[in-house]
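K.L.:
Pasting a structure here, questions to come.
The values are calculated or read from the model by the stated rules, or taken from the named source; none is laboratory data. As the structure is a prediction and not an experimental result, all values here were calculated from the model. Neighbour counts are summed over all protein chains in view; Cβ atoms, including those assigned to glycine, are modelled from backbone coordinates with ideal geometry. Side chains are part of the model used for accessible areas, which takes the heavy atoms of the whole protein and leaves out ligands, DNA and RNA. Shrake-Rupley method; radii C 1.70, N 1.55, O 1.52, S 1.80 Å.
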Amino acid sequence: MIATLTLRERRIGLGLSVALAVLGLAMAAAARTGPMAVHGGMALILGLVLIFAIGGALYDHPEQGEDRLTRYYDAPTRFGIVMTLIWAVIGMGVGVWLAALMYWPEATPPWPATSFGRLRPVHTSGVIFGFGGNALIATSFWVLQRTSRARLADAVSPWVVLIGYNLFCLWAASGYLMGSTQSKEYAEPEWYADIWLTIVWVTYFVLYIRTLARRAEPHIYVANWYYMAFILVVALLHIVNNLALPVSWTGAESFPVWAGVQDAMIQWWYGHNAVAFFLTAGFLGMLYYFLPVRAQRPIWSYRLSILSFWGIVFFYMWAGSHHLHYTALPYWVQTLGMTFSVMLLVPSWASAGNAIATLNGAWHKVRDDATLRFMFVAAVFYGLSTFEGSFLAIRPVNSLSHYTDWTVGHVHSGTLGWVAMIVFGAIYTLVPRLSGRDTMAWPKAIEWHFWLAVAGTLVYVVALWNAGITQGLMWRAYDENGALSYSFIQSVEAMLPYYAARTLGGTLFLAGAVLCALNCRATMRTAGDRVDATDRPLAAQPAE
Amino acid sequence: MLKLHYNLEKISMGLVGAIIAVASVGGIVEIAPLFTIEQTVEIPDDLRPHTPLELAGREIYIREGCYACHSQMVRSLADEIDRYGPYSLAAESAWDRPMLWGSKRTGPDLARVGEKYSDAWHVAHLIDPRSVIPVSIMPAYPWLTRPLETDLIEGNLATLARLGVPYDETMVENALADARAQARPDSDGVDGLLERYGEDIAVRAFDGDPSSLTEMDALVAYLQSLGTLTDAPYEMLAEETR
């Protein structure tokens, strides 16, 4: 990492590391005890490690010459992929453990930090933000440079984004273990972590726009529209949903400025669009680049890309209220949410269809190449999950499915089947190239991973469909005397076989992810020296 | 249209502006009216805010992630009304920051759980759920018997007051004393507590031991308060079914 920086950039990096250490010290000193002090300590340690790493090597490496500007800057992408894989194993590992606890609750250790309620956000944040977020940032740097034919606008800010973002993820996960949470789903971290993420995110946006401004291609490629929508709208959602008043500036606790029904609506406007813009838009950006590249086929329809992009940006933002059917939210808002959720099927299937039609003429590659098959399956699951999503948003369907495991199954068909599959497809495309090789170190392990992932997803999703529908039907069943047929605990008991099956599904999926991490490690350790002469910026780089 | 887009694709800040504009519409239309229309801002006369002890319990409920498996929102469906009680009104959570409506029922809804079970049942259930419900899959929370940390109680009330929850100055000043008094029925502070929060609040040694103030006291006090802050949902349902 340090060798890729010029002396001036190393000095800037050193300055920023000192600033991080000072910030950490200030936080720890102000808070003295509690999660904020621990988090200050983490920032301090990270700052010190970076100071020693950069300061110690300040003059060790030969100065980077002007020729660096004739290459893309891929060191941050490589680091981002490594973090993606680390968070995948942590986040999915915790998920499998939690799944096991649901039919084996006695296994809960008797101390607070590891109880189900505290570990659950470690799983969700670990996979969404740790695994998904790092994959998005890492691939966005790669895609942005290739589709713009320009090198990243500078070499320091990508590291600020990635290291800052991972510090946020670490703060989030460790905060939950200490009981520090806002309780807003997928927005649990407290106010100072939210401010930190905002700073990181602005840096990310500025870097993106500056690099786009240098592009040698007149048109901005469709993948970048999606990455940009991801960056912009996530910022909007994050800021509005997390507005809070801290109890004191020296402690982690805070109260949201929103209350009651307004808070519920804003939370699910955030929550559903975290799905839309974090877990969909960014990954569609990934799909729109890696699928055509891997298949060596152009995107099937340009018009369909435009239609689906603006459809997704517009319709999704209305759909959040379908999380609140039959609640105290006004009826007309629920109806709007339902209507737009159904209409969302059009742009969603336009995207999925566009991706699948792109494979026309390359089906033999789908058959032979497990990496491309990951991307194909991702597109199929994207289509299936969005259909299921529109269906579940219909009010009477939702009356059965809501609060049950059907929702959890639906989410996992999207996250395992679509999000994780497209990430693995992108990783298996990127890692050999980042390592100067033609193939992964263990090509056959990709095939194993593919079938583990598909089997795991299917077992998981089918188990929770059954669980959710059973639950929903038991809750609303009446006997001939007009009394409820089942007590709540009977519906819990009925879930146990499904919970066991979902644990098995999750374990298979986790095994595949571990295999992927090991395969990437082996590939990165046996790097070759293959250089692709055409893979370089075209844009004239300003002299620095 | 296509030509327009063809040109838009060449201007990065044009795309940025268009994305923000297009994405903002839905939120504005659905959220802004919620701050003004009667259905979402009307407050029943008898609604009371949580007492300091209940509020401390609510913070424990949040800390332990109870909301991940328990909702607090009875939907307006016949089976939910039969199982849990009157459907939830917006007004009931008008002062809840954050709201805890939840999204999943691995365990049952808790919006109407207040005073349905005894304090002793809750204590036994939280320490070891399977001691009272043999097939329960709820995790055990044995550490809740530790003393309640009281440093933040006054600050919490003050912060909520600044955000508009009707805690007046004497409530904020007496927050700590009120928290202690609610779990100690024979203490001097009880009169002031009842004067500030109403005669209907539960004043009991929730964990069975009046000599110490524990996290269990706070959490059980909170659970016993759920659904009891106003009678409005019961009146509304009675009116509709008449």
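K.L.:
Quick one: the Cα spread of region A:400-544 along its three principal axes, in angstroms, biggest first?
P.N.:
Per principal axis, max minus min of the Cα coordinates gives 82, 36, 20 Å.
K.L.:
Once all Cα-Cα distances of chain B are split into 5 Å bins that start at 0, what whole-number percent is in each one?
P.N.:
Values per bin, smallest distances first: 1, 6, 11, 15, 16, 14, 11, 7, 5, 4, 3, 3, 2, 1, 0, 0.
K.L.:
Within the set of other residues whose C-beta is less than 13 Å from the C-beta of A:TYR331, count the net charge using Lys and Arg as +1 and Asp and Glu as -1.
P.N.:
Net charge around A:TYR331: +1.
K.L.:
If the reach is capped at under 17 angstrom between alpha carbons, list the aspartates and glutamates near A:LYS365, excluding any in the same chain fewer than eight residues apart.
P.N.:
Straight-distance partners of A:LYS365: A:ASP438, A:GLU447.
K.L.:
Now a separate question. In peptide A:177-190, what is the residue-averaged number of other protein chain Cβ atoms found within 10 Å of each Cβ?
P.N.:
3
K.L.:
Something else: Please list, by residue number, every one of the GluC sites (Glu not before Pro) in region B:72-134 that is coil in DSSP and has at most 11 other beta-carbon atoms within 10 Å.
P.N.:
Sparse-neighbourhood loop GluC sites (Glu not before Pro): none present.
K.L.:
Of the listed peptides A:79-87, B:186-194, what is their order by residue-averaged count of other C-beta atoms within 10 Å, with the highest listed first?
P.N.:
Listed from highest to lowest mean packing, they are A:79-87, B:186-194.
K.L.:
Would you please name the chymotrypsin sites (Phe, Trp or Tyr not before Pro) within region A:221-314 that are DSSP coil residues with at most 13 other C-beta atoms within 10 Å of their C-beta?
P.N.:
A:TRP249
K.L.:
Arrange the peptides A:37-47, A:485-495 so that the one whose residues have, on average, the most other Cβ atoms within 10 Å appears first.
P.N.:
The densest-packed peptide leads the list: A:37-47, A:485-495.
K.L.:
While we're here: Determine which residues of region A:402-426 fall in the zone a paramagnetic label at A:ARG530 would reach in this model, i.e. backbone nitrogen under 20 Å from the point 7 Å along Cα→Cβ.
P.N.:
Zone members listed by number: A:424-426.
K.L.:
Note down the nm distance, to one decimal, between modelled labels 7 Å out along Cα→Cβ at A:ASP479 and at A:ALA53.
P.N.:
Using points 7 Å along Cα→Cβ, the separation is 6.5 nm.
K.L.:
Under the definition of partner shielding as Cβ atoms of other protein chains within 10 Å of a residue Cβ, what is the mean value for peptide A:480-487?
P.N.:
1
K.L.:
Tell me, how many Å apart are the Cα centres for region A:470-533 and for region A:156-232?
P.N.:
After rounding, the separation between the Cα centres reads 28 Å.
K.L.:
Add +1 for every Lys or Arg and -1 for every Asp or Glu among the other residues with Cβ under 12 Å from the Cβ of B:ALA94, and state the total.
P.N.:
-2
K.L.:
Separate question: What percent of all Cα-Cα pairs in region A:327-477 falls in each 5 Å bin, counting up from 0?
P.N.:
Reading upward from the zero bin: 2, 9, 15, 17, 16, 14, 10, 7, 5, 3, 1, 0, 0.
K.L.:
What order do you get for A:417-430, A:390-403, B:142-155 when each peptide is scored by the mean count of other beta carbon atoms within 10 Å, highest first?
P.N.:
The peptides rank, most packed first, as A:417-430, A:390-403, B:142-155.
K.L.:
Now a separate question. In nm, what is the difference between 0.36 nm times the number of residues separating A:VAL18 and A:TRP448 and their Cα-Cα distance?
P.N.:
150.3 nm
K.L.:
Report the longest stretch of chain A that contains none of the trypsin sites (Lys or Arg not before Pro) sitting in a DSSP loop with at most 13 other Cβ atoms within 10 Å.
P.N.:
With trypsin sites (Lys or Arg not before Pro) excluded where exposed in loops, chain A gives A:33-529 as its longest stretch.
K.L.:
What does the average come to when, for each residue of peptide A:120-128, you count the partner chain Cβ atoms lying within 10 Å of its Cβ?
P.N.:
Partner-chain Cβ atoms within 10 Å, mean over residues of A:120-128: 1.
K.L.:
So which chymotrypsin sites (Phe, Trp or Tyr not before Pro) in region A:140-194 are both in a DSSP loop and have at most 16 other Cβ atoms within 10 Å of their Cβ?
P.N.:
Listed in order of number, the matching sites amount to none.
K.L.:
Sticking with this structure for a sec: With each label point set 7 Å from Cα along the Cα-Cβ vector, what nm distance links A:SER487 and B:PHE35?
P.N.:
Placing both labels 7 Å beyond Cα along the Cβ direction yields 4.7 nm.
K.L.:
Counting only helical runs of four or more DSSP H residues, what would the 222 nm mean residue ellipticity of the protein assembly as shown come to if each run contributes -39,500 (n - 2.57) and the total is spread over all its residues?
P.N.:
Roughly -19500 deg cm²/dmol at 222 nm, from the helical runs in the protein assembly as shown.
K.L.:
Mind jotting down the three principal axis lengths of chain A based on Cα atoms? Whole angstrom, largest first.
P.N.:
Computed over chain A, the largest-to-smallest principal extents equal 85, 63, 43 Å.
K.L.:
What is the spin-label model distance, in nm, from B:VAL25 to A:GLU63 if the labels are put 7 Å beyond Cα along the C-beta direction?
P.N.:
Label at B:VAL25, label at A:GLU63, 5.5 nm between them.
K.L.:
Determine the total buried accessible area between chain A and chain B, counting protein heavy atoms only with a 1.4 Å probe; round to the nearest 100 Å².
P.N.:
7700 Å²
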